[in-house]
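Right, one structure below, let's go through it.
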Amino acid sequence: MTPSNSIQTRPVSASDTLISGLINGIVAGVGMLLWLLLAGLLEGTPPAAVLERFLIPSQSPNPVSSIFLHLGVSAVYGGIFGILLRWLPPSIKRSPLKLLAGLAYGLLLYLLASTVLLPGTNSPLAEIHALTFASAHLVYGALLGALTRA
């Protein structure tokens, strides 16, 4: 019997991918939030005011609720990214191109938010400068692409 140098791996199930995506979405959401807090500080906006932008307009201002709401949405989008990444060819999933897929996904989320989800909702997120909002979504996508294993 000759020894094998190959490593046996089991296929990753869809549920494992989803759970991994949810966790990675939370981590990427924290990165996005830190980016927005830094941008807010550079603009002279206090951190509590930045966090309050994530609230649903009918909620009372509470930065802790804002954080959990943002991270919940980040987790869902991370899970979706994880599932979508499963459909890409293995050459992309295991290469630096995965980072580009994450950046494209972040840009897609920005476009979805700015053109479909936010207009007409009176959401305080619309107060965030477009370039800051877009760059925050790119940070989210880059982290998601870097973290996700498919």
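The values are calculated or read from the model by the stated rules, or taken from the named source; none is laboratory data. What you see is a predicted model; the values in this text were computed from it and never measured. Please note: Cβ atoms are built from the backbone with ideal geometry, for glycine as well, and neighbour counts cover all protein chains shown.
Quick notes on this one:
- Qualifying residues in region 84-122 (those that are among the small types (Gly, Ala, Ser) and closer than 17 Å to SER74 by Cα) - the one surrounded by the fewest Cβ atoms within 10 Å (Cβ to Cβ): ALA104
- Among the residues of region 123-150, those identified as closer than 16 Å to GLY82 by Cβ and either surrounded by fewer than 17 Cβ atoms within 10 Å (Cβ to Cβ) or of a type in the set (S, T, N, Q) (or both) are ALA146, THR148, ARG149.
- Qualifying residue in region 119-126 (condition: more than 18 Å from GLU43 (Cα to Cα) and either modelled with pLDDT of 90 or more or touching a Cys at 6+ places or on another chain (Cβ under 8 Å) (or both)): no
- Every pair of residues 6+ apart whose Cβ atoms lie under 6 Å, when the first sits in region 120-137 and is on the phi > 0 side of the Ramachandran plot while the second is at pLDDT below 90: ASN122/PRO57
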